[in-house]
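Novice: Would you mind keeping the following structure in view while I ask a few things?
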Amino acid sequence: MNVFLDLVAGTLTQGLIYALISYGIFITYKILDFPDLTVDGSFPLGAAVTAVLLTRGAAPWLTLPVAVLIGATAGLCTGLIHVKAGVRDLLAGIITMTALFSINLQLAGSNLTVPRAVDTIFTSRPVMALLGGVPLLYRKLIVSTLLALVIKLILDAYFRTKNGLLLRAVGDNDTLVTTLAVDKGRLKILGLMIANALVALCGCLVCHEQRSFSATMGTGQMVFGLAAVIIGTTIFRRASRVKGTTAAVVGSVIYKAVIQIAISLGLPANLLKLVTAVLFLCILVLGTRQGKGAERRA
Amino acid sequence: MKKTMKAVVCLAMCAVLLFALTACGGSKTAVKSIGINQYGEHASLDNCRIGFLQGLKEAGLEEGKDFTVDYQNAGFDDTVNAQIAASFAANNVDMMVAIATPSAVACFSAAEDKDIPVVFSAISDPVSAGLAEGNITGTSDKLPVEAQLDLIRTLQPDAKTIGIIYTTSEANSVSTIAEYQEKAPSYGFTIDAIGVTAQSEVTQAVDTLLSRNVDLLNNLTDNNVVGVLPAILEKTNEAKIPVYGSEVEQVKIGCVAAAGIDYVQLGIQTGKMAARVLKGEITCANLPFETISEYGIYVNSAALAEMGIALPASVAEKAVESNAA
Amino acid sequence: MLELKNITKVYNPGEITEVCVFRDFNLSVEEGAFVSVVGSNGSGKTSLLNIICGSIPIESGSIVVNGQDITREKEFARCRRIGRVYQNPAAGTSPGLTMLENLSLADNKGKAYGLRRGVDRRRREDYRAQLSELGLGLEDKLDVKLGSLSGGQRQAVALLMATMTPIDFLILDEHTAALDPKTAEIIMGLTDRVIREKHLTAIMVTHNLRYAVEYGSRLLMLDRGRAVLDCAGEEKKNLAVDDILSLFNRISIECGN
């Protein structure tokens, strides 16, 4: 039973930390309709900055705002390349991502490990004071739950502000934003900045959690985020009251759980991706079927 | 029509899941459980794992009676890698065995909470990876750089420039390149190194090196480069430039020679260390990591002949012929 | 007062597909006028609106509003003083937001879109009143997403949103063309009422010759970038659909339509 609980706690922690990526993708893909590949670069960027700061003895919590700022800068680059230089959305993201690969290597080398002697946010003084008696695994779960929740609430609140409404409108119908006398380009840049700030923050938390940075850790994160958002929104497509951010969290947790199930089943490693793909297909097909059923009843 | 389609899809899914379930075996009893996290499937890493199991056996431990093995490989995916490590920790394995640096970093981090001992193998530089202290030990596969330089000098007395291609994001490669650059001058060589970021750039790098008239190419244990070795050899054979490998598998594919470590041997050494820990003789924390000191000389005489390189008797007597053909 | 001075607009300049829509085109619209613009396809009607709004660049000429040259102003900046309703009912509203959110956005036009609450609850009753004036029963749909409304309902909301804040001009870009005849009639009636009540200056491009004759204070017929008919006041009042239809047919045949 304990083993099972530990597994669930570990998986939930992963899902909740990585939910930050799916929030980011929710903003770029669902709201702005912008396929943003910057993610594969800004995720390791957040981790690289964090690893460097931690190994140089910076306070663990300081790394969070730094990662947010540097991630926003990455988003700003993609935004400027797309809006001001007129490069296509996909390409603009690829350009920034490619540049970030070198920048990350320059910052932190190919790998950078944070030694156990160095405190992470999960072992930092305020957390230890409150949760010192809780095993690290569950401390990680509690801290990541709080972070994912607080960020979700902040985002939900933002989407209800004038600026947030406008951001939602620009992806929906950018002509409307122009007729409202607002520069839609600036709004897109803002959206990309918020999204990449979240992604870099995720990289930062992953670095705290795994005590390491690797230059290749960004590979496939955009695809993960996309899958998480699509899974989440498919499941809740009939429940219009469920917020997009909630769907993003749920999607992220399901994604990580599916991989965990595949690992726990002891699959031959070469089949892991195939089984993951099949399980996703099941979720998506079931999600659509439920939707159809509801339509028939209505 | 739609219904049959759905039925077919469902059946297919069930089949895959059943297949998956049959692959799942081994219940947990009083015997020690070992979780092996291998970063990906790759000849040297596989050899390392095979050697490890052999090492345990040679130390008198029997699989099923004394220990069970949960083998996972991450398919070179960092996220899966982390999740495998986390699931080992959740399953309370008695020991994590990590093959290759990223796996060791992930396992050591996941083991922090429960202080599970970690044994690693196939890591070039455990110190800089932060894996030298704590409840962790293992074996390092640092390449015998000087032996390799010596071998090249013996086979090609007139050679001046060595071309090396490496991936800038592979820690092992970066540290080995530094060592080559440091030691090459004392053997009368200069190193012309080209860093790449992806496998697709490797063949372009080969063209660049050939255009700069290097005398030979030398491989590291760089996954990206070794992965496209046949394509590299195609170009170098045409240009009549010999390629040296860094371990036996590369020589089998067509490199002329290598002074390299035997990964099975490395695995055996690791297995014996792990056995001592499992038997309770010593803890990982008190057992410093070991670097394999023995290396083998491997030659491919067909490839040597094609390059017009004669094999001196001094080399021939200690070399192992490794020609897959 | 809107003045277009010596406007020249060429599509695909220098290419084999080069088309000159306007050459030295001049037009002035006095304050309070309601101009209907008709013309065959390719006559430059929609280009005219896009030039006024800044949606497309021009080769030469200037656009002056109330004595101020706005030729170099960007599209979004010009929109501060211009309200625009498009042919596509989806273009004037955000389908993913509720009616209330859409109206709140439009209500804030010209002010900063900052981090204050997006929807002001106190304005709810006011919005409800404005919606009920449209007479389409939309006042009960404040919390409904715009995407689930019909084209006509959306167009009515778009019209309301475009005229919610003080504007110098209302631009109507074939805004009834995508609607069924009955709905088009309702929207046209609403448009006329809103323009009268809010004393707006409006330019309406339409394919419907009857609307052009019945509504508005001035009628402009364009053909290949030239005004072939421009009448206002009494002259316009005496105009019948048949009169302009024959003219229209003649230019259409010349164009090969």
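None of the figures in this text is laboratory data; all of them are computed from the coordinates on show. Just so it is clear, the model here is predicted, and its values are computed rather than measured. No Cβ is skipped: glycine too gets one built from the backbone with ideal geometry, and neighbour counts run over all protein chains shown.
Novice: For chain B, what proportion of DSSP beta bridges, expressed in % and rounded to the nearest 5, is antiparallel?
Specialist: 10
Novice: Same structure again: Near the amide H of residue C:228, under 5 Å away, which other amide H atoms are found, from residues 5 or more places off or on another chain, if H is placed in the peptide plane?
Specialist: C:221, C:222, C:223
Novice: OK, next. What residues qualify as long-range amide H neighbours of residue B:71, i.e. H under 5 Å apart, gap of 5 or more or another chain, H built at 1.01 Å from N?
Specialist: Excluding prolines and chain starts, which carry no amide H, the hits are B:36.
Novice: Take the alpha carbon atoms of the stretch A:206-267, find their center, do the same for the stretch C:147-194, and report the distance between the two centers in whole angstrom.
Specialist: Measuring centre to centre over Cα atoms gives 43 Å.
Novice: Between C:248, C:102, C:186, whose Cα lies farthest towards the positive end of the dipole of the protein assembly as shown when Lys and Arg beta carbons carry +1 and Asp and Glu beta carbons carry -1, centred on the Cα centre?
Specialist: The residue sitting farthest along the positive end of the dipole is C:186.
Novice: So what's the gap between the Cα centers of the stretch B:74-90 and the stretch B:42-58, to the nearest angstrom?
Specialist: If you average the Cα positions of each part, the centres end up 20 Å apart.
Novice: Which entries of A:243/C:141; B:252/B:272; A:30/A:84 show an alpha-carbon separation above 24 angstrom in the structure shown?
Specialist: From the list (A:243/C:141; B:252/B:272; A:30/A:84), the Cα-Cα distance tops 24 Å for B:252/B:272.
Novice: Going by how many other beta carbons lie within 10 Å of each one, how would you line up A:40, A:172, A:183, C:126, fewest first?
Specialist: Ordered from fewest to most neighbouring Cβ atoms within 10 Å, A:40, A:172, A:183, C:126 come out as C:126, A:183, A:172, A:40.
Novice: List B:322, C:132 from most exposed to least, where exposure is judged by having the fewest other Cβ atoms within 10 Å.
Specialist: C:132, B:322
Novice: Summing Lys, Arg as +1 and Asp, Glu as -1, what charge do residues with Cβ under 12 Å from the Cβ of residue B:153 carry, residue B:153 excluded?
Specialist: Local net charge: -2.
Novice: Please give the Cα centre distance for the stretch C:1-31 versus the stretch A:121-160, rounded to the nearest Å.
Specialist: 61
Novice: How high is the relative contact order of chain B, in percent, with contacts defined as C-alpha pairs under 8 Å that are six or more residues apart?
Specialist: For chain B, the relative contact order is 19 percent.
Novice: Tell me what chain A gives for mean residue ellipticity at 222 nm when only DSSP H runs of n ≥ 4 count, each as -39,500 (n - 2.57), the sum divided by the residue total, rounded to 500 deg cm²/dmol.
Specialist: -25000 deg cm²/dmol
Novice: Evaluate the Debye formula for the protein assembly as shown with equal point scatterers sitting on the alpha carbons, no solvent, and hand back log10 of I(q)/I(0) at q = 0.07, 0.10 Å⁻¹, in q order, two decimals.
Specialist: -0.72, -1.09
Novice: A further question follows. Can you compute the label reach from residue B:178? Point 7 Å from Cα along the Cβ direction, backbone N cut-off under 15 Å, restricted to the stretch A:109-152.
Specialist: Residues A:109-113 fall inside that zone.
Novice: Using the Kirkwood radius over C-alpha pairs as Rh, can you work out the diffusion coefficient of the stretch A:2-297 via Stokes-Einstein at 10 °C, viscosity 1.306 mPa s, in µm² per second?
Specialist: Approximately 80 µm²/s, per Stokes-Einstein.
Novice: For the residues C:20, A:77, what sequence is obtained by ranking on other C-beta atoms within 10 Å, fewest first?
Specialist: Listed from fewest to most nearby Cβ atoms, that is C:20, A:77.
Novice: Angle, helix B:145-155 long axis vs. longest principal axis of chain B, Cα atoms, 0 to 90°, nearest 10?
Specialist: For helix B:145-155, the angle is close to 40 degrees.
Novice: Counting helices only, and only those DSSP H runs with n ≥ 4, report the 222 nm mean residue ellipticity of chain B as the sum of -39,500 (n - 2.57) divided by its residues, in deg cm²/dmol to the nearest 500.
Specialist: For chain B, the value works out to -13500 deg cm²/dmol.
Novice: Something else: Starting from 0.36 nm per residue, how many nanometres of slack lie between residue A:153 and residue A:84 once their C-alpha separation is accounted for?
Specialist: 21.6 nm
Novice: OK, next. Out of the trypsin sites (Lys or Arg not before Pro) in the stretch C:64-126, which ones are loop residues according to DSSP with at most 13 other C-beta atoms within 10 Å?
Specialist: Sparse-neighbourhood loop trypsin sites (Lys or Arg not before Pro): C:72, C:74, C:111, C:116.
Novice: What are the semi-axes of the equivalent ellipsoid of chain C, taken as the square roots of 5 times the eigenvalues of the Cα gyration tensor, listed largest first and rounded to whole Å?
Specialist: Taking √(5λ) for each eigenvalue gives 32, 22, 17 Å, largest first.
Novice: Pull up the DSSP beta bridges for chain C and report the antiparallel fraction as a percent, rounded to 5.
Specialist: 55
Novice: Taking the Cβ of residue B:109 as the center, what net charge do the other residues with Cβ under 9 Å away carry, scoring Lys and Arg +1 and Asp and Glu -1?
Specialist: So the environment of residue B:109 carries a net charge of 0.
Novice: Counting only other chains, and only Cβ atoms inside 10 Å, what mean value do you get across the residues of C:157-167?
Specialist: Taking the mean over all residues of the peptide, I get 1.
Novice: If you take the square roots of the eigenvalues of the alpha-carbon gyration tensor of the stretch A:111-154 and sort them as a ≥ b ≥ c, do you get rounded (a/c under 1.5), prolate (a/b over b/c) or oblate?
Specialist: Oblate, since a/c reaches 1.5 and b/c is not below a/b.
Novice: Roughly how tilted is helix B:263-278, in degrees to the nearest 10 and between 0 and 90, from the longest Cα axis of chain B?
Specialist: Once rounded, one gets 40 degrees.
Novice: A further question on this structure: Select from the stretch B:239-303 those chymotrypsin sites (Phe, Trp or Tyr not before Pro) which occupy a DSSP coil region and have at most 13 other Cβ atoms within 10 Å, ordered by residue number.
Specialist: Here no loop site has a sparse enough neighbourhood.
Novice: Can you tell me the dipole magnitude for the stretch A:2-297 around its Cα centre, using point charges on the Cβ only (Lys, Arg +1; Asp, Glu -1), in Debye to the nearest 20?
Specialist: Rounded to the nearest 20 debye, it is 680 debye.
Novice: Something else: From the backbone phi of the stretch C:82-92, what are the Karplus-calculated ³J(HN,Hα) couplings (6.51 cos²θ - 1.76 cosθ + 1.60, θ = phi - 60°) in whole Hz, Gly and Pro given as x?
Specialist: Per-residue couplings from phi come out as 10, x, 9, 10, 9, 4, 7, x, 6, 7, x Hz.
Novice: Helix B:229-239 sits at what angle to the longest principal axis of chain B, using alpha carbons and giving 0 to 90 degrees rounded to 10?
Specialist: On a 0 to 90 degree scale, this one is about 10.
Novice: Before anything else, pin down the relative contact order of the stretch A:2-297: Cα pairs under 8 Å, at least 6 apart, normalised by residue count, whole percent.
Specialist: 36
Novice: Work out from phi, with θ = phi - 60° and the Karplus expression 6.51 cos²θ - 1.76 cosθ + 1.60, the ³J(HN,Hα) of each residue of the stretch A:227-234, listed in order in whole Hz, and give x for Gly and Pro.
Specialist: 4, 4, 5, 5, 4, x, 6, 5
Novice: Here is a further query. Under 5 Å between amide hydrogens, which residues at least 5 positions from residue B:291 or on another chain qualify, with H placed 1.01 Å from N in the peptide plane?
Specialist: Distant-sequence amide H within range of residue B:291: B:140.
Novice: Right, here's the next one. Evaluate the charge dipole of the stretch C:2-255 about its Cα centre and quote only its size in Debye, nearest 20, assuming +1 on the Cβ of each Lys and Arg and -1 on the Cβ of each Asp and Glu.
Specialist: 880
Novice: Pairs of alpha-carbon atoms within less than 8 angstrom and 6+ residues apart define the contacts here; what relative contact order does the stretch C:2-255 have, in percent?
Specialist: 26
Novice: Just counting partner chain Cβ atoms within 10 Å, what average do the residues of peptide A:214-221 show around their Cβ?
Specialist: Counting Cβ atoms of other protein chains within 10 Å of each residue's Cβ and averaging gives 5.
Novice: Quick check for me: using +1 on Lys/Arg Cβ and -1 on Asp/Glu Cβ, what's the dipole size of the stretch A:9-114 about its Cα centre, in debye to the nearest 20?
Specialist: Using only the charged Cβ atoms, the result is roughly 160 debye.
Novice: Return the sequence-ordered ³J(HN,Hα) values of the stretch A:69-82 in whole Hz as given by the Karplus equation 6.51 cos²θ - 1.76 cosθ + 1.60 applied to θ = phi - 60°, using x for Gly and Pro.
Specialist: Going residue by residue, I get 5, 6, x, 4, 5, 4, x, 4, 4, 4, x, 5, 4, 6 Hz, with x marking Gly and Pro.
Novice: Follow-up. Among bridges DSSP assigns within the protein assembly as shown, what percent are antiparallel (round to 5)?
Specialist: In the protein assembly as shown, approximately 35 percent of DSSP beta bridges are antiparallel ones.
Novice: Also, I was wondering about something else. Net charge around residue B:205, counting only other residues with Cβ within less than 12 Å of its Cβ (Lys, Arg = +1; Asp, Glu = -1)?
Specialist: Value of the local net charge: -2.
Novice: For chain B, just the Cα atoms, rotate onto the principal axes and tell me the three extents in Å, largest first.
Specialist: 65, 62, 32
Novice: Moving on to the next point. So for the stretch A:1-136, taking the charge dipole from beta-carbon charges (+1 Lys/Arg, -1 Asp/Glu), which of A:66, A:39, A:100 sits furthest toward the positive end?
Specialist: Farthest towards the positive end: A:66.
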